[in-house]
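Shown next, in structure tokens, is the structure this report addresses.
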Amino acid sequence: MNVEIETTVNGKLVHASVPARLHVADFLRQQLGLTGTHLGCEQGSCGMCTVMVDGEAVKSCLMLACQLDGRHVRTVESLAEDDRLTPLQEAFRQEHALQCGFCSPAFLMTATALAHQGTRPGRAEIRDEIAGVLCRCTGYDNIVTAIERWFAEHPQTATEDGPSEDARSA
Amino acid sequence: MTTLESSPERTAGTRPGVLGVSVPRKEDERLLRGDGQFTDDVDPARVLYMAVARCPYPHARITRVDTAAAERLDGVEHVLSGKQVHQLTEPLGVLRPVPGAPRLPYYALAQDVATHEGQPVVSIVATSRHVAEDALELVDIDYEPLPHVVDVLGALEPDAPVLHPSVLESNLLASTTDGRGEPEARFDEADVVVAGRFRVGRVSPLPMETRGVVAQWRAGARELTVHCSTQVPHLVRKQLAESLRLRESDIRAIASDVGGGFGLKLGVFPEDVLACLHAMALRRPVKWSEDRAEHFRAATHARESVHDYRIAADADGRILAMTNVYATDIGGWNSPFGSAQLSSVVFNGPYRVEDGSVERRVTLTNKTPVGAYRGYGQPEVNFAYELLMDRLARKLGIDPIELRARNMLTPDELPWVNPAGAVYDSGDYARCLRMAAERIGWDAHRAAPRRPRPDGRLSGIGFSSFVERTGYASSRFLAKRGSQFGAHESITLRANRSGGIDAYTGVSTIGQSSETAFAQLVAEVFGTDYDAVKVHVGDTAASPLNTGSFASRTMIAAAGAIRDAAGQLAAKTLRLAAFRLQVPPEDLEIAGSVVRRRDGTDGADGAVPLAEVYRTAITGQGIPPGEDPGLEATAHFEPSDAAYSFGTAAALVSVDPETGEFDVERFVLVHDAGTVVNPKVVDGQVLGALAQGFGAALTEELRYDPDTGQLLNGSMMDYFPPTAADLPPIELLHTHVPSPVTPFGIRGVGEVGTIPPGAAVANAICDALADYGVELNSLPITPEKVWRALNADKGVQQ
């Protein structure tokens, strides 16, 4: 059974007909070709598939595509524009916060959603906030450092509507 | 994290270069933008999807397979059963077989008997993954459960059910003994003997990207293109050719971005063969993306072993002999890479042991096959010998630092051959030990009165010293062991008309930063800019034959190949530029994007842009007489020996003596990585491996129910790799003793962090609870185990 939906993905309005049992991650990857969102367990534990839905970090394997109707989705593909990494991505690069990179889109979207909350987390809070996403390569230290650095160097991200807009003007 | 002494001396060249500099990684931009290409991201037109029916029992005879209903389901395109696989393929090969082990008839689908939960029995291809999985529900398989055994020691008992009776009389796949001297005589004359049985739990390497394969077959071209999440594309090509009865020239294996390997993604698995068979039958692309439930049951596991260790010493604590007899669990089959082998090689750690022996008993059980995992046997024995060293210290009343220092090999004793034949190349082991002791505050801790803190907890400090073999000791060594690969790496460097250098390697990108490090070395040796070098990875059709990325060997071997190829390329570049400038080549040098005069007296012509020299070479227009056109070099390099890295870790814990609950409050690692190509990458490798080490030490264990033989915690909900909130603060310190046996003095760094956490934490807990006489003897270390050890005298079982 298919369901008709209208959703906004990375700023673009998308009309789609989706099988009722299709989850958001498969929808993004297979129907929209947004393969930056990865799958690691499909039971909401590993966090690889984290995207933003209406400003909140969501594990997209636990949400059905038909639930996206009328909502706004942001994926990792929405961050960099043309050849410019955003300051958050640049902080990951400078701090060596990724190795195989399979989990990086999820951490980037988790951090983006964290900024959306309007708080300015300390190191321990960052650790707690990103604990829903696993990384098997880095040991997390550099990820925490990158996010901490991004908040420190771009304090406006904590109060404005997500980092990507201000990042481009930075 | 704190890093001290992490600015190694630059070793090559006098010109400012990029070796030893933390340049940003080549890999990062695409990965951060979601533009990585992992196997599941490969999406050919008209692709079909594979799903696999798996045995739900630990040991069962397959009496009937009925796939008729599945085949009738709309969207199902093809079904394979064990009988067809037997007709179409050869059994899977083993890349690093245990010496003396017979070959087991391990087919991609179970034949008459399945020997572990999760073994593939039927595979189905359909128009979507959903339909393929729906079809699995319609497959009707009758199983006759057989007696099973999941305990590694139980499997060696005479009454244990034998897994492979057609090949073996028992579950002992093979046993090997290494050693020298007369250890038993030393035990007889020793003042003190400590001994113990140490159990190391079964864990999953657990890469975040599961396994995956996309196979495409063009029959007329005889071209099988296989995208595969692997650490070893060229070995995948070899093993697929053997299993599928194809020529290697018919196969192109490609791995671009691999979402973590850690030793698991070595070699061809059953599902790789199945996807190829379906694709060849259907002449359509077939994709299989492993789900996590399958990963826990059908990708390889690691580590599980039981070690019976003994140390004999004199009254001063000098080790007279050390022995280990251990059973290592291989699961139901000898896996594509085979089980860990370094428990035998470094069983004596960094200690001077003249008389010693190590006996390995590779044991089959009705569990998922065991393969390689970062550390490859070294964390297992480190846990055992380091706990025994502390017991020896307690027994003799000697400071454990002093005891270790007395027994550690000194720099002037190296190189030294250990009882298993390993050649420890160089290093200052005791220096790392003393640095760790100083950093953690050992002397003050030892001098302070032993009493609870205000919160009722007791503090303890524990150490773990280790050596780590990195790389392989030449192809001659591997040949003796029957290994199906060499010890070399290779590189092709090719200049292009844009003024850049393309580097082609069979190494795939698994997070180890090879693209970055290779580009750094090319730039350093050749003299061009780091940005001018692009590294193309993991495609067997576009790279010279190589070995692959495992065993902490990639950089050690590749550095030699890059040095040689870049040297050849530079020499020809200078000859071509010299012809154009009409000066001797030795007066010229490559600097960034130009060739210029060394003395800085560039004449009217000035410096020549490299892009111009490259174009000259590529067109052949304007090259000197006798010179061939083209500007390309390929080199292969095999290091003469393995490099042994080394270090000491120290853990500070606090323990609640009532409940056994504990925290690791500080963790220090002092480690020698020899010459460092990229300090940030090296730290990253060490930190990441430490996280995996802490997982295996504290929270990770795959548990099987002995009665049903079922895996009890085969999901991300029930298996606990560390999260960002779980790890202790880590202080990383380095020393830099260049290895004399590798190019540039590099030592491997990929695996070191997995080795010491278990022993350091266990020793710290035993130190904290010394007044309670607590001894630990198994991994993972849980509060429950500590509580049981605290109550051992009350009859509580450990």
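Out of the residues in the range B:117-163 that are among the small types (Gly, Ala, Ser) and under 27 Å from B:ASP66 (Cβ atoms), state the one that is surrounded by the fewest Cβ atoms within 10 Å (Cβ to Cβ).
Here is the first cut: in the range B:117-163, the residues among the small types (Gly, Ala, Ser) are B:118, B:123, B:126, B:128, B:132, B:135, B:154-155, B:160.
Of the ones still in play, those that are also under 27 Å from B:ASP66 (Cβ atoms) are B:118, B:123, B:126, B:128, B:132, B:135.
On the way: B:GLY118: 24, B:SER123: 30, B:ALA126: 24, B:SER128: 17, B:ALA132: 24, B:ALA135: 26.
Across the range B:117-163, the extreme among qualifying residues is B:SER128.
Residue check: A:PHE27 meets all listed conditions (1) under 15 Å from the mean Cα position of the chain (by Cα); (2) surrounded by 18 or more Cβ atoms within 10 Å (Cβ to Cβ); (3) in contact (Cβ under 8 Å) with a residue 40 or more places away in the chain but one, namely (1).
Being within 8 Å of chain B (Cβ to nearest Cβ) and in contact (Cβ under 8 Å) with a residue 24 or more places away in the chain: is that true of A:ARG21 here? Spelling it out, A:ARG21 is indeed within 8 Å of chain B (Cβ to nearest Cβ) and in contact (Cβ under 8 Å) with a residue 24 or more places away in the chain. Counting only helices (runs of 4 or more DSSP H) that sit wholly inside the range B:41-145, those with at least 2 residues that are over 30 Å from A:LEU22 (Cβ atoms) are B:82-88.
Which strands (runs of 3 or more DSSP E) does the range B:617-683 wholly contain that include 2 or more residues that are farther than 30 Å from B:GLY506 by Cβ and within 14 Å of chain A (Cβ to nearest Cβ)?
Working: elements: B:632-637, B:643-655, B:662-672.
Those strands (runs of 3 or more DSSP E) span B:662-672.
Looking only at residues in the range B:533-569 that are at pLDDT 95 or above and among the charged types (D, E, K, R), the one that is farthest from B:LEU631 (Cα to Cα) is B:ASP539.
Considering only residues in the range B:412-443 that are more than 28 Å from the chain's Cα centre (by Cα) and of a type outside the set (A, V, I, L, M, F, W, C), the one that is nearest to B:LEU732 (Cα to Cα) turns out to be B:ARG439.
Looking across the range B:472-490, the residues that are of a type in the set (S, T, N, Q) and at pLDDT 85 or above come down to B:SER483, B:GLN484, B:SER490. Per the listing A:ALA16, A:ALA80, the residue uniquely of a type in the set (A, V, I, L, M), in contact (Cβ under 8 Å) with a residue 40 or more places away in the chain and farther than 29 Å from B:LEU206 by Cα is A:ALA16. Inspect all residues belonging to the range B:50-62 and state whether any of them is aromatic (Phe, Trp, Tyr) and within 14 Å of chain A (Cβ to nearest Cβ). No, the range B:50-62 has no match at all. Just one residue in the set B:GLY500, B:GLY482, B:GLY527, B:GLY538 is in the same structural domain as B:PRO629 (by TED's automatic domain parsing), of a type in the set (Gly, Ala, Ser) and touching a Pro at 6+ places or on another chain (Cβ under 9 Å); that residue is B:GLY538. For B:LEU19, are the conditions met, namely being modelled with pLDDT under 95 and either aromatic (Phe, Trp, Tyr) or surrounded by 21 or more Cβ atoms within 10 Å (Cβ to Cβ) (or both)? Yes; evaluated as a whole, the condition is true for this residue.
Restricting to the range A:120-144, and then to whatever is at the interface with chain B (Cβ under 8 Å from one of its Cβ atoms) and assigned to a helix (DSSP H, G or I), can you tell me which residue is surrounded by the fewest Cβ atoms within 10 Å (Cβ to Cβ)? Filtering first and then ranking leaves A:ASP128.
Are any residues in the range B:486-499 buried (at least 20 other Cβ atoms within 10 Å of the Cβ) and over 18 Å from B:VAL537 (Cβ atoms), and if so, which ones? Within the range B:486-499, B:ALA487, B:ALA495 qualify. Listed conditions (1) in contact with a helix residue (DSSP H, G or I) (Cβ under 6 Å, 6 or more places away or on another chain); (2) surrounded by 18 or more Cβ atoms within 10 Å (Cβ to Cβ); (3) without any contact (Cβ under 8 Å) to a residue 12 or more places away in the chain are all met by B:SER739, apart from (3).
Filtered by the rule that a residue be in contact with a helix residue (DSSP H, G or I) (Cβ under 8 Å, 6 or more places away or on another chain) and free of Cβ contacts under 8 Å to residues at least 12 places away in the same chain, the range B:774-798 gives B:VAL796, B:GLN797.
For (1) small (Gly, Ala, Ser); (2) under 19 Å from B:THR708 (Cα atoms), each residue gets a yes or a no:
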site	(1), (2)
B:GLN111	no, no
B:VAL125	no, no
B:HIS148	no, yes
B:LEU153	no, yes
B:PRO165	no, no
B:LEU172	no, no
B:SER175	yes, no
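For the range B:497-549, taking the residues that are without any contact (Cβ under 8 Å) to a residue 60 or more places away in the chain, over 17 Å from B:PRO24 (Cα atoms) and in a strand (DSSP E or B), the one that is nearest to the chain's Cα centre (by Cα) is identified as B:THR505.
Does B:ARG199 satisfy being in contact (Cβ under 8 Å) with a residue 40 or more places away in the chain, among the basic types (Lys, Arg) and touching a Ser or Thr at 6+ places or on another chain (Cβ under 8 Å)?
On the way: in contact (Cβ under 8 Å) with a residue 40 or more places away in the chain: yes; among the basic types (Lys, Arg): yes; touching a Ser or Thr at 6+ places or on another chain (Cβ under 8 Å): yes.
Against the criterion (in contact (Cβ under 8 Å) with a residue 40 or more places away in the chain, among the basic types (Lys, Arg) and touching a Ser or Thr at 6+ places or on another chain (Cβ under 8 Å)), B:ARG199 qualifies.
Is there a residue being at the interface with chain B (Cβ under 9 Å from one of its Cβ atoms), on the phi > 0 side of the Ramachandran plot and either crowded, with 21+ Cβ neighbours inside 10 Å or not polar (S, T, N, Q) (or both) anywhere in the range A:48-68? Steps first, answer last, please.
Applying the first criterion (at the interface with chain B (Cβ under 9 Å from one of its Cβ atoms)) to the range A:48-68 yields A:48.
Then keep just the ones that are on the phi > 0 side of the Ramachandran plot; that gives none.
No: the range A:48-68 contains no residue that is at the interface with chain B (Cβ under 9 Å from one of its Cβ atoms), on the phi > 0 side of the Ramachandran plot and either crowded, with 21+ Cβ neighbours inside 10 Å or not polar (S, T, N, Q) (or both).
If I go through the range B:254-282 residue by residue, how many of them are away from every other protein chain (no Cβ under 14 Å), farther than 19 Å from B:GLN484 by Cα and among the hydrophobic types (A, V, I, L, M, F, W, C)? Don't jump to the end; show me each part of the working.
If we filter the range B:254-282 for residues that are away from every other protein chain (no Cβ under 14 Å), which is where we start, we get B:254, B:266-282.
Narrowing further to those that are farther than 19 Å from B:GLN484 by Cα: B:254, B:271, B:274-282.
If we keep only those that are among the hydrophobic types (A, V, I, L, M, F, W, C) as well, we get B:254, B:274-277, B:279-282.
Qualifying residue count, the range B:254-282: 9.
Taking B:ALA241 as the residue in question, decide whether it is over 22 Å from B:GLY375 (Cβ atoms) and surrounded by fewer than 24 Cβ atoms within 10 Å (Cβ to Cβ). For B:ALA241, the condition - over 22 Å from B:GLY375 (Cβ atoms) and surrounded by fewer than 24 Cβ atoms within 10 Å (Cβ to Cβ) - is met. Scanning the range B:180-198 for residues that are within 19 Å of B:GLY317 (Cβ to Cβ), among the hydrophobic types (A, V, I, L, M, F, W, C) and in a strand (DSSP E or B) gives B:VAL192, B:VAL193, B:VAL194, B:ALA195.
Give, as residue ranges, the strands (runs of 3 or more DSSP E) completely inside the range A:33-119 that count at least 1 residues that are polar (S, T, N, Q). Full working, then the answer.
Working: elements: A:50-53, A:56-59, A:72-74.
Fully inside the range A:33-119 and qualifying: A:50-53.
The values are calculated or read from the model by the stated rules, or taken from the named source; none is laboratory data. None of these values were measured; they are calculated from a predicted model. With ideal geometry, Cβ positions are generated from the backbone for all residues, glycine too; neighbour counts draw on all protein chains shown.
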